Every structure is written in structure tokens, then in C-alpha cells.
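Structure, as C-alpha cells:
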Amino acid sequence: MDSRGRTVAELVAARRHDHRPGLWFEDRVLTHHEVAGGAAARAALLADLLPPGTTPHLGVLLDNTPEYPLWLSAAALAGAAVAGINPTRRGPELARDILHTECRVLVTERTHLPLLDGLELPGIRLLVTDTPAYDDLLAPYVGAEPDPTRATPSHHLLLYFTSGSTGAPKAAICTQGRLAAAGRALMDRFGVGREDVHYICMPMFHGNAVIADWAPALAAGAGTALRRRFSATRFLDDVRAYRATYFTYVGRAVQYVLATEPRPDDRDNPLRMGFGTEAGAVDAAAFEQRFGVRLVEGYGSSEGGAAIQWAPGTPPGAIGRAAPGDDLAVLDPRTRAECPPAVFAPDGRLLNGTEAIGELVNRGPNPFEGYWRNPAADAARRHDGWYWTGDLFYRDTDGFLYFAGRTDDRLRVDSENLAAAVVENILARYGPAEAVAVYAVPDPVAGDQVMATIAGTAFDPLDFAAFLSAQPDLGTKMAPRFIRLVRHMPVTATSKIQRAALRREGFRCADPVWWRPPGETTYRRLTEPDLAGLIAQYLARGREELLTG
């Protein structure tokens with residue numbers, strides 16, 4: 001068993017005789033041998049805890065502590081699947097995620113116990129990792145040997161949530177075979193070796209941290225260093241302390257690091273590269289100039305149905321070309337016709353966005369493995385024999401692809417996928433609101449911001465902020481950045497809200513707009529100087545075209 005292992009279980013078991021340091025967290029260091037042994041003990045415990053004849057699923061509601069990769073590895077050895085539970089979810093929505101994935105065991109820690117207060121979770125065994133009771137429960141299984149023979153490539157290993165226009169998050173399936181193959185592919189692509197150390201600072205309930213960071217390290221026998229939660233101010237200190245050579249990022253993380261106070265020795269670090277999405281060309285160049293580290297931008301749909309790879313020669317602002325084996329096209333979702341190539345002004349602005357922007361579709365074979373118990377979502381994602389990503393792109397004449405946003409009811413805020421319908425249902429409880437529409441407006445740097453149009457005759461910003469803070473199921477990324485106030489909601493002849501028009505106008509509209517500037521907790525009127533400052537941010541990063549998309 002080596003890095004060519006067909007299952008994640010084989011990759012875990014392959015490290016059982018490796019006594020090199022392999023996992024760092026705060027002041028703890030575990031060898032690869034200890035990680036494999038810890039996974040084997042937890043796999044044996046899990047086998048006894050799972051009721052016979054039930055789905056072998058466990059939920060993991062943890063920060064990035066050693067218990068997270070230990071339970072991922074344990075699930076692999078046990079032939080079970082991990083549902084990554086997002087701690088930014090609240091109340092009934094959080095309970096729904098746990099129950100929908102049919103978790104029989106929920107692994108958490110004391111800091112997250114308040115999130116579970118009052119939730120009805122029948123038939124679920126709770127394990128709280130940082131307690132004496134957990135240590136006592138695990139003790140009889142210490143010394144178990146990792147046995148990979150119970151797992152096959154087709155065993156489900158990950159159930160990770162992704163949102164769409166249908167409302168509730170969907171749990172995308174990733175099998176052991178697909179995750180092992182992804183780890184090997186990234187190991188080969190980036191030349192990951194045994195002496196590398198992967199810094200995992202993105203949350204492990206996201207596919208990014210597990211698929212793009214943990215899996216290639218596991219395949220190569222490289223080390224991993226964990227940060228409980230991402231910290232821009234501790235980023236460089238961690239990299240140096242752990243001798244990290246590789247990290248992954250999503251969305252605004254790179255901007256947060258760039259916003260820290262520069263130091264004369266910023267380039268004195270062991271990093272070889274960073275791999276992620278949505279950093280933006282301007283910030284990627286600034287990161288390389290400051291830290292001497294190249295960022296490789298990539299794109300991969302959460303479900304695995306399409307991928308774009310950066311390569312030398314990729315134009316600024318482009319993600320890259322289709323990955324080998326993918327037959328990607330940018331299609332008009334109404335006509336199924338291919339969109340024309342992008343036309344650019346001399347300064348790089350997109351001139352024909354209306355015609356060139358369409359949905360990215362993979363017309364070739366792909367590894368999409370479906371959603372857990374959601375055939376309607378499966379059918380929406382794969383129809384006409386093709387895989388429809390739900391993401392908007394445009395393509396230049398040389399075949400390079402540029403990300404342009406999300407389809408109508410999807411938002412991606414600080415790397416969190418949100419569904420507009422979920423946020424609308426919460427905002428609809430606001431008493432003075434006669435109607436609510438929620439939609440995405442582009443963020444100046446990457447991804448989206450939440451904007452809401454509220455119809456009614458009364459709006460008090462302090463009252464609205466208090467209302468938001470009192471909603472138990474309002475996730476930390478769901479609060480609107482912009483509020484547009486209208487007397488009557490604009491609707492079509494069939495009484496459907498004119499979302500496309502609202503989205504197109506964004507916060508540059510004739511109606512009053514209130515906003516919550518970054519770092520502030522209350523809303524205030526968006527003034528002309530505020531608007532000018534915002535537009536300057538879009539212009540600086542070449543994203544002004546998205547404001548009229």
C-alpha cells in the first residue's frame with residue numbers, strides 16, 4: 001500500500017509504520033504512526049456505536065482540531081461516511097443538516113455544545129471530544145491496528161453541503177475512490193513529497209480543506225498542520241512555526257492576510273505555493289510580491305463535475321482551461337446554445353457580457369456522484385446528459401475561462417454557499433416587511449454579498465439590526481450587506497419578483513439603500529461618497545463589469 005492506494009483507508013493504513021512527525025496542532029505533535037493508530041481506535045469504537053442495519057454516517061461538528069482528521073481517517077477505515085456540519089448554521093437549519101444526512105453519531109466539542117441546545121436530534125449518539133467521558137469511552141480501543149480491508153472505492157466517505165436555488169443545502173457525495181484519486185492527482189500536479197507540510201487553516205467541513213489540502217498530504221505521506229480557525233494575523237507565524245510549504249485558501253482569506261501590517265521579513269518563509277479559488281488577479285499578484293509565494297487559482301465544482309486548471313500563460317483574471325478529460329462549454333441555459341467568445345476593450349473590460357456570460361457545462365464524462373437522498377437536485381445538476389455547474393463564466397477566443405458569478409438564487413459569501421430562499425424565509429419574519437427579495441451582488445474582491453429588497457412603508461435600521469440578532473437560524477454569513485427600500489415590490493405580469501432587474505441594478509439604484517459597512521454592526525444610509533468608494537474598489541480589481549451583469 002503506497003500513494004497509489006485506491007481507497008482513503010489504504011492511504012491511512014500505509015502510514016502505520018511511519019514514525020516521523022505528521023500532525024501539528026498548537027503545542028501538540030503526533031507522528032504518522034500515532035495518527036494511523038488513533039484512527040484505528042476510533043474506527044473500532046465507531047463500529048460498536050453504529051446501530052446494525054443503519055446508514056453508517058457520522059456528523060462532525062468540530063473546529064480544525066486533530067480530532068477532525070482522526071475521524072475522517074476512522075470513517076475511511078470503518079467504511080463509513082462523514083457529514084461535515086457547518087457551525088455557522090443555527091437552530092432548525094442546523095438540526096436539518098444533521099438529520100437529513102442520517103447521522104447516527106455526532107462528534108463535537110464543548111465550544112459547540114450551545115449550538116445544539118434545544119435541538120431535537122432523536123437517536124443520535126453525542127461524543128464530546130474534549131471531555132474525560134470521551135477519553136474513557138475510547139480507552140478500550142487504543143492499540144487497534146488499522147485495517148483497510150473493510151473499505152472499497154465505492155464506499156461513501158464525505159457528505160459535504162453545498163447550496164443551490166432549491167433552498168436547503170444539499171449533501172454532495174464523495175466516495176473513497178474519488179477522494180483518493182483527487183489526492184493523488186494534486187500530489188502529482190504540485191509535486192507534493194514526504195517532507196512537505198500542508199497548512200490547513202480553512203474549515204474542514206468544506207470540501208476545499210479536505211479534498212485540496214488533506215487528501216494530497218495523505219497520499220504523499222506529507223505532514224499537516226492545523227489552525228483551529230483561520231487567523232490572518234497568525235498566518236505567517238504558523239507557516240514559520242510548522243515549516244509549512246503548501247496551503248489552500250478560498251475567497252477573501254488572501255485579502256485578509258494582505259490587510260495585516262507588512263513586515264520587512266515577510267518573504268522569509270518556507271511556503272512553496274498556495275492553491276485555491278477567488279483570490280482575484282490583483283490580490284494574487286500582491287501576495288506573490290509581498291511573500292514571494294505564487295498562488296495557483298483553480299476551479300472545481302463542489303460536486304466534482306467540472307474542473308479548470310491554471311497553467312503558465314493563463315491571462316490575468318482568467319481561471320484557466322478545462323482540466324484533462326473535461327469537455328467544458330459556456331452555454332445559454334435557455335437555448336442550450338454556446339455563448340459567443342468574450343470581447344475585451346484595450347483596458348481589459350468585458351464588452352459583451354450579456355451575450356458572452358453563460359452557465360459552465362461539462363459535456364463529457366465526469367465524477368459527479370450525486371446528492372444524498374435528493375433525486376430532484378441530481379436531475380437538476382445533470383440533464384441533457386451533461387453536468388450543469390450552476391456557475392456563470394465567459395470564455396475568450398483562446399479557450400481560457402473567466403468566472404462571472406452564480407446563477408440566479410445562489411450566493412457565495414466569504415466562501416460560504418448560501419441559498420437566497422433560506423435567507424428570504426428568515427427576513428420575511430420582519431414585521432414591517434410586506435415582501436422580501438434576496439439576491440447576490442458581486443463583492444469588490446471575490447464572490448458575492450447579500451442584498452435584500454424590502455417592500456413596505458416603515459424601516460428602522462436599529463430595529464432591523466435587533467431583529468436580525470434575534471433570529472436563531474440566521475447564519476453568520478446571511479445578514480444582508482445592503483438593504484434596498486421600495487414601496488411596492490417590482491413584479492412581472494405573472495406576479496413573480498423581477499429578481500434579474502433588482503440584481504442588475506444592485507445598490508446603484510434610485511431607491512434608498514441602507515448598508516452595513518465591513519466591521520460595523522448597524523446599518524446606515526449609503527451616501528454618494530460611500531458609493532464612490534465602493535466603485536473604486538471594483539475598478540481597482542477589474543470587477544466593475546460584474547456590477548451590470
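Values quoted throughout were computed directly from the atomic coordinates according to the rules given, and no laboratory measurement underlies them. If you're wondering where the values come from, they're calculated on a predicted model, not measured in any experiment. Every residue, glycine as well, gets a Cβ built from its backbone with ideal geometry; the counts of neighbours run over all protein chains shown.
Quick notes on this structure:
- What the Cα convex hull of region 319-406 gives, in volume per residue, is 102 Å³.
- Residue-averaged 222 nm ellipticity for the chain, from DSSP H runs of 4+ at -39500 (n - 2.57), nearest 500: -7500 deg cm²/dmol
- Normalised Debye scattering of region 8-191 at q = 0.10, 0.15, 0.17 Å⁻¹ gives log10 I(q)/I(0) of -0.39, -0.91, -1.16, counting only Cα atoms as equal scatterers and leaving out solvent.
- Taken one residue at a time, the phi angles of region 287-301 give Karplus couplings (6.51, -1.76, 1.60, θ = phi - 60°) of 5, 5, 5, 7, 9, x, 10, 7, 9, 9, 7, x, 9, x, 4 Hz. Gly and Pro are set to x.
- For region 411-548: rounded, prolate or oblate by the Cα gyration tensor [a/c cutoff 1.5]: rounded
- Normalised contact order of region 411-548, rounded percent, pairs of Cα under 8 Å and 6 or more residues apart: 23
- Among 437-443, 499-505, the order from most to least packed when residues are scored by Cβ within 10 Å on average: 437-443, 499-505
- Amide H contacts for Leu157 (H built 1.01 Å from N in the peptide plane; partners 5 or more residues away or on another chain; cut-off under 5 Å): Cys174, Thr175, Gln176.
- Helix 91-100 and the longest principal axis of the Cα set of the chain meet at an angle near 50°.
- Taking amide H as placed 1.01 Å from N in the peptide plane, the amide H of Ala225 sits under 5 Å from that of Trp24, His198, Tyr199, Ile200, each at least 5 places away or on another chain.
- Taking amide H atoms as placed 1.01 Å from N in the peptide plane, the amide H of Ala404 lies under 5 Å from those of Leu392, Phe393, Tyr394, each 5 or more residues away in sequence or on another chain.
- Percent of Cα-Cα distances greater than 27 Å, calculated over region 200-356: 32
- Label point distance in nm, Asp48-Thr397, each placed 7 Å from Cα along Cα→Cβ: 6.9
- With contacts taken as Cα pairs under 8 Å at a separation of at least 6 residues, the chain carries a relative contact order of 11 percent.
- Shape call, region 497-547: gyration tensor on alpha carbons, a/c limit 1.5: oblate
- Cα-based equivalent ellipsoid of the chain: semi-axis lengths in Å, sorted from largest, via gyration tensor: 38, 28, 23
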